[in-house]
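Comments concern the structure below.
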Amino acid sequence: MAAAMASVGERAVLEEEFKWLLQEEVHVVLKQLQDILKEASQRFALPASGLGGAVKQENFVLSTSGTDQVKGVLTLQGDALCQADVNLKMPRNNQLLHFAFREDKQWKLQQIQDARNHVNQAIYLLMNRDVNYQFRTGSEVLKLMDAVMLQLSRARNRLTTPATLTLPEIASSGLAKMFTPALPPDILVNFYINLNKLCLTVYQLHVLQPSTTKNVKLAGGSILHNPGAIFEFGNQRYEVSHVHKVECVVPWLNDALVFFTVSLQLCQQLKDKISVFSSYWNYRPY
């Protein structure tokens, strides 16, 4: 009888704790998440002065731990690459090529745009309820946390996982038309985000004779293609002879990735607290 009474009393305490979790702590965590993700969203916007200000331009010097075949400066404005000033030293003859974006051209970095959209969607999910709204069940909170975590994971993945492209896709991307003077036909370039870095890859090509490539396997999709990769574009086959990769660190991308990690941890901790109650009872009281 005493054991049964203790069990009833213990259950009553747990129910009160669970009620407090739903009514109080959940809202504290949601407010923390909103504040963190608003900070993350502002990193992507980079207003020059206060709300509604123009997005400031930032210059980044390209560098590599290897040779100095490629040097340059990239100008980033939010999710747009608005200038790229690049010098390329040709390995065969040490000829120096210089090319830059045309004044009327910008290159949208889809990875940054997508990551920002996912962050804003997560913020919308967190704020899409009345200020006095009370959660009734644990499953309601779990469902919300899963939806927010999905958006945050997608945002992080867009920055940590560059697109896998074939060489013909890079050749037809339109990047070649961004530059003045125009890129030589034996040069391909690709820009992408990898974690907190803005990367530029330059591919030097040479034309293959049809008789030498009849049974050659063409290269598939990749983030970074290696020398020797063969592809077909415009009824002509090419082989990659040299690959140069240079990059620059973008500090606010690193900030955003940290905010994503902290937010995902907060979501998981809240899910774990709710799961403690479901593991105590042999049925789901929510």
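The values are calculated or read from the model by the stated rules, or taken from the named source; none is laboratory data. No experiment lies behind these values; they were computed from the predicted model shown. Here the Cβ is made from the backbone with ideal geometry for all residues, glycine too, and neighbour counts use every protein chain on show. When the accessible area is computed, the model is the full protein with side chains, heavy atoms only, and any ligands, DNA or RNA have been set aside. Shrake-Rupley method; radii C 1.70, N 1.55, O 1.52, S 1.80 Å.
Here are a few things to note about the model shown:
- Ligands, DNA and RNA left out, the accessible area of the chain computed with a 1.4 Å probe is 52% carbon and sulfur.
- Relative to the dominant Cα principal axis of the chain, helix 110-127 is inclined by about 10°.
- Span from the segment 196-262 Cα centroid across to the segment 111-155 one, whole angstrom: 35 Å
- Panel values: segment 56-215, Kirkwood radius from alpha carbon pairs, Stokes-Einstein at 25 °C and 0.890 mPa s, translational diffusion coefficient 130 µm²/s.
- Calculated on the alpha-carbon coordinates, the convex hull of the chain measures out at 180 cubic angstrom per residue.
- Accessible surface, per residue, of the chain when the full set of protein chains is kept, probe 1.4 Å, Å²: 54 Å²
- Kirkwood analysis of segment 122-247, using all unique Cα-Cα pairs, places the hydrodynamic radius at 18.0 Å.
- Only Lys, Arg (+1) and Asp, Glu (-1) charged, at Cβ; the chain dipole about Cα centre in debye: 660 debye
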